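Heads up: the structure comes next, in structure tokens.
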Amino acid sequence: MSLRNNPLLVQLEAVVGTAGILTGKALAGRSAGIWSGSELLALALLRPKTTAEVSSVMKICRAFGQAVVPAGGMTGLAGGHESTKTDIVLSTERMNRIEAMDSRTRTMVVEAGVILQTVQERAAQDGLIFALDLGARASCTIGGNIATNAGGVRVLRYGMMREQVLGLEVVLADGTIVSSMFDVLKNNTGYDLRQMFIGSEGTLGIVTRAVLRLHEAPLAIETALLAVPSWDKVMELLRYFDAALPGALAAYEVLWRDFYELNTGPYSSVDPPLDTGTAYYLLMDVFISDHEYGRTRLEELLTTALEQGEIIDGALASSETERAKFWQIRESFAPEQDKFDLIYGYDVSLPLEAMEDYVVDVRSRLLERFSDASLLAYGHIGDGNLHFSIYPGAHRDRDAIDEMVYFPLQALHGSVSAEHGIGLEKKAYLKYTRSEAEIELMRKTKRMMDSDNILNPGKLFDL
């Protein structure tokens, strides 16, 4: 049916304008996400420009019983933005303004479609930082970061996305606008409603605007890459550096040897800064408040760790270019995409003391069943967040591999999702982390706020 003959689409076009709705051939070539490799499926893609337009869209869609899938940068890894050809996809791409920046109160007011890197760059102009940082910074949006409660590399120092949000404006399933755009740190007035929407993956409301919390930028960032001989040393070094540099340790990433060797090998454009063949490689960012003393102090700590056998070798970045190369080893997925024709990605969390045995166990189970499979391990170990990139081999049995990864987390009191959310891919395994009472409370909340189940239906759990 053409737009002209579809009453729903006619009403939606009246709200967002001709430029704000794409259907049929106009959708051809629109990506379903940077990881999907496929075209977007939708009855129509809506691109409203204001909160009022989003509100009107939701009122119309509720009247028609029409499912709406919110979309930001579509960089999510859990399928939270996946849609079908019968869905309305509501993109915030035209809601991309930074409305206000106040360096005195260290706050920024933004629309949901603003790109994360744009926020970071605007904050830097005033000597501030927006603490959230992750590899998809150039394409992910603030609204998506809020909807998934994004984590990234600085959670150790600053916490998750929910710690970076002071206020929110959200449109509910019935079109109601809930505006709680506070710019104060302390607001102890009943239920903290903004937290209900942070991490809800667009199932309770559509985030349209936010007040973000900023921090003073460090004078400098020192980055070290270390070769570490054992998991015990990895844990000891976390305490060692955090205690010796209180408040300065911003990122603590660990790469298992297979991941490091792939990302510095023939499939990579980065030569190995360290060539030791050790079990673990530690990538560390330290925020410096004194240029001369800060680097000197870090060099002293590294020397002591080397002399005591805590590390086998190490390199301290001598320039921003070298620092970027160190981080490219951690953040680039090009080598695994070039080597393997398919990768399953996982993000879990569990206690540090259990992590080494867990990796060994998952790897052994995987290779025992699929001898041609491969497992790459890495992650934000400072906050207990572990990532796997798994090549499944010839069998491509995703369900079996998911079970190998997720099932052991129950006994370890771990989480099937540390930062990427649940979406579609993990909802069958939510029960491994959350009790039935918790899941049922989530369902009751969803039914209360979206009784017609039109906002991102089927994500997180089934009603």
For the chain, how many pairs of lysine residues have a Cα-Cα distance under 23 Å, where the two are 8 or more positions apart or belong to different chains?
22
To the nearest 0.05, what FRET efficiency results for Ser103 and Ser269 with a Förster distance of 45 Å applied to their C-beta separation?
0.75
Rounded to whole Hz, the Karplus (6.51, -1.76, 1.60) HN-Hα couplings of the stretch 75-89, x for glycine and proline
9, x, 10, 10, x, x, 9, 5, 9, 10, 6, 9, 8, 8, 9
Using Cα centres only, tell me the gap between the stretch 384-463 and the stretch 288-367 in whole Å.
27 Å
Listed by chain and number, the residues whose amide H is under 5 Å from that of Asp133, excluding neighbours fewer than 5 places away on the same chain and using placed H, are Val153, Arg154
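For the chain, what does the relative contact order come out to in percent, with C-alpha contacts under 8 Å and a separation of six or more?
Working: 910 pairs, mean separation 71.3, N = 463.
For the chain, the relative contact order is 15 percent.
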Could you run the Karplus curve 6.51 cos²θ - 1.76 cosθ + 1.60 with θ = phi - 60° over the stretch 440-449 and give me ³J(HN,Hα) per residue in whole Hz, x for Gly and Pro?
5, 5, 4, 4, 4, 5, 4, 4, 5, 8
Please list the equivalent ellipsoid semi-axes of the chain, computed as the square roots of five times the alpha-carbon gyration tensor eigenvalues, in descending order and whole angstrom.
39, 27, 20
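Using a Förster radius of 25 Å, what is the FRET efficiency between Asp462 and Ala400 based on their Cβ-Cβ separation? Nearest 0.05, please. All intermediate terms of the calculation are to be shown ahead of the outcome.
On the way: r = 22 Å, r/R0 = 0.88.
It comes out at approximately 0.70.
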Return the long-range amide H neighbours of Ala220 (sequence gap of 5 or more, or a different chain), with a cut-off of under 5 Å between placed amide H atoms.
Ile288
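Compute the length gained on full extension between Ala244 and Gln117: take 0.36 nm times their separation in residues and subtract their Cα-Cα distance, giving the result in nm to one decimal. Present the calculation step by step, with values, prior to reporting the outcome.
Working: separation 127, 0.36 × 127 = 45.72 nm, distance 3.10 nm.
Gain in length upon complete extension: 42.6 nm.
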If Lys and Arg each add +1 and Asp and Glu each add -1, what is the summed charge of the other residues whose beta carbon sits under 12 Å from the beta carbon of Arg239?
-3
Descending packing, highest mean Cβ count within 10 Å first, for 96-108, 436-448 is 96-108, 436-448
Diffing the stretch 185-190: the Karplus 3J(HN,Hα) column from phi (6.51, -1.76, 1.60, θ = phi - 60°), in whole Hz with x for Gly and Pro, holds 6, 10, 8, 9, 10, x
Mind giving me the nanometre distance, one decimal, between the label points for Asp232 and Ile439, set 7 Å out from Cα along Cα→Cβ?
4.0 nm
Inter-centroid distance (Cα atoms) of the stretch 146-174 relative to the stretch 231-251, Å
26 Å
Principal axis lengths of the stretch 3-91 from Cα atoms, whole Å, largest first?
33, 25, 23
Cβ under 15 Å from Gly127's Cβ, Gly127 left aside: what net charge do those residues give with Lys, Arg +1 and Asp, Glu -1?
-1
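If you add up the charges near Lys459, with Lys and Arg at +1 and Asp and Glu at -1, over every other residue whose beta carbon is less than 12 angstrom from its beta carbon, what do you get?
On the way: positive: Lys426, Lys427, Lys446; negative: Glu82, Asp87, Glu201, Glu425, Asp450, Asp462.
Here the count lands on -3.
Which value at 222 nm does the chain reach when only helices count, each DSSP H run of 4 or more adding -39,500 (n - 2.57), with the total divided by all residues and rounded to the nearest 500 deg cm²/dmol? Write down the numbers at each step before the final one.
Working: 15 runs with 149 residues, N = 463.
Using -39500 (n - 2.57) per qualifying helix, the result is -9500 deg cm²/dmol.
None of the figures in this text is laboratory data; all of them are computed from the coordinates on show. Everything numeric in this text was worked out from a predicted model, so none of it was measured. As a convention, Cβ positions derive from the backbone with ideal geometry for all residues, glycine included, and neighbour counts pool all protein chains shown.
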